[in-house]
Amino acid sequence: GWKLEADVKGDLNGDGIADHALKLVEDKPAESDGTMPDRSRALVLVFADKSGTLTKAAVTDKLLQCTSCGGAFYGIVETPTKVEIVNGVVIVTQEYGSREVTQETYRFRYEAESKRFLWIGVDLRSYDRMTGETQTESTNLLTGVKLTTKTKANEKTGNDVTLSNKSQRVSRTKKYIEDVAAHDSGQEEK
């Protein structure tokens, strides 16, 4: 009932061999009028070894948003999700909304002692497409620090003007990729 939407390659466990982040989507046919139905997504992380043997490392069906979960911002177009592997970190980026759009970027890194993918950070960027107001939250779940910046576009120059900056401590309780759902903002404030 699933098909491969993307196979992203990169070293996930530091052994120098390209592993796989498989983005899956439900395999449902188009409606009779040609529109695509709502389809769920899943992310499967797979380790490879020198012989080419593949071993499942993690599976999550909550993190990637569905094909119609982007809201009015995407209209009838299927909502995209982007999965990357950069320097051993799995990075998932997706967005949703209407006039106010939120972009989420989640980061996970393999933790050898637990043999799981630890949630290490989340960036949320919410912007109002009418007023130009933006709020950016960058949370480092390893250090327990969340930085929040609010900006507004200057109508004359077109540049962003910073309205406020805030730094706060958040819980450093460990969460793993299987525990994180789309639209999760990170840890609770201390």
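The values are calculated or read from the model by the stated rules, or taken from the named source; none is laboratory data. Fair warning: this is a prediction, and the values are worked out from it, not measured in the lab. Here the Cβ is made from the backbone with ideal geometry for all residues, glycine too, and neighbour counts use every protein chain on show. Surface accessibility is based on the protein's heavy atoms, side chains included, excluding ligands, DNA and RNA. Shrake-Rupley method; radii C 1.70, N 1.55, O 1.52, S 1.80 Å.
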Looking across region 134-152 at residues that are within 16 Å of Leu163 (Cα to Cα) and touching a residue at least 24 places away in the same chain (Cβ under 8 Å), the single one that is most open to solvent (accessible area, probe 1.4 Å) is Glu137
Ala30: passes all of (1) modelled with pLDDT of 95 or more; (2) open to solvent by less than 70 Å² (accessible area, probe 1.4 Å) but (1)
Answer yes if at least one residue in region 48-63 is among the basic types (Lys, Arg), more than 23 Å from Ile177 (Cα to Cα) and surrounded by 14 or more Cβ atoms within 10 Å (Cβ to Cβ), and no otherwise.
no
Residue pairs qualifying under the 9 Å Cβ cut-off, at least six apart or on distinct chains, with the first in region 60-75 being in a loop (DSSP other than H, G, I, E, B) and the second being of a type in the set (Gly, Ala, Ser) and open to solvent by 60 Å² or more (accessible area, probe 1.4 Å), are Tyr74/Ser68
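Quick check on this structure: which one of Gln103, Gln94 is buried (at least 18 other Cβ atoms within 10 Å of the Cβ) and touching a strand residue (DSSP E or B) at 6+ places or on another chain (Cβ under 9 Å)? Lay out the reasoning, then the answer.
Working: Gln103 fails: buried (at least 18 other Cβ atoms within 10 Å of the Cβ).
Step by step, each of Gln103, Gln94 is checked, and only Gln94 is buried (at least 18 other Cβ atoms within 10 Å of the Cβ) and touching a strand residue (DSSP E or B) at 6+ places or on another chain (Cβ under 9 Å).
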Within region 44-52, identify whether any single residue is assigned to a loop (DSSP other than H, G, I, E, B) and in contact (Cβ under 8 Å) with a residue 12 or more places away in the chain, and answer yes or no.
-> yes
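Regarding Gly70, is this residue among the small types (Gly, Ala, Ser) and at pLDDT 95 or above? Quick ask: steps written out before the conclusion?
Numbers: among the small types (Gly, Ala, Ser): yes; at pLDDT 95 or above: no.
Here the answer is no, as Gly70 does not meet what is asked.
Residue by residue through region 83-103, note down the ones that are of a type in the set (D, E, K, R) and either in contact with a Gly (Cβ under 6 Å, 6 or more places away or on another chain) or assigned to a loop (DSSP other than H, G, I, E, B) (or both). Give the steps one after another, and end with the answer.
Step one: filter region 83-103 for residues of a type in the set (D, E, K, R), giving 84, 95, 99-100.
Residue satisfying the conditions is Arg99 alone.
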I'd like to know if region 114-124 contains one or more residues that are surrounded by 13 or more Cβ atoms within 10 Å (Cβ to Cβ), touching a Lys or Arg at 6+ places or on another chain (Cβ under 9 Å), of a type in the set (Gly, Ala, Ser) and part of a strand (DSSP E or B).
yes
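When the residues of region 64-76 are filtered to those that are on the phi < 0 side of the Ramachandran plot and open to solvent by 40 Å² or more (accessible area, probe 1.4 Å), which remaining residue is nearest to the chain's Cα centre (by Cα)?
Per the criteria, the residue is Cys69.
Which of the residues belonging to region 145-180 are over 20 Å from Ser114 (Cα atoms) and not in a strand (DSSP E or B)? Show your work before the answer.
Taking region 145-180 and keeping what is over 20 Å from Ser114 (Cα atoms), we get 145-170.
The answer is Asn154, Glu155, Lys156, Thr157, Gly158, Asn159.
Residue check: is Tyr106 in a strand (DSSP E or B) and under 25 Å from Asp38 (Cα atoms)?
Details: in a strand (DSSP E or B): yes; under 25 Å from Asp38 (Cα atoms): yes.
In short, yes.
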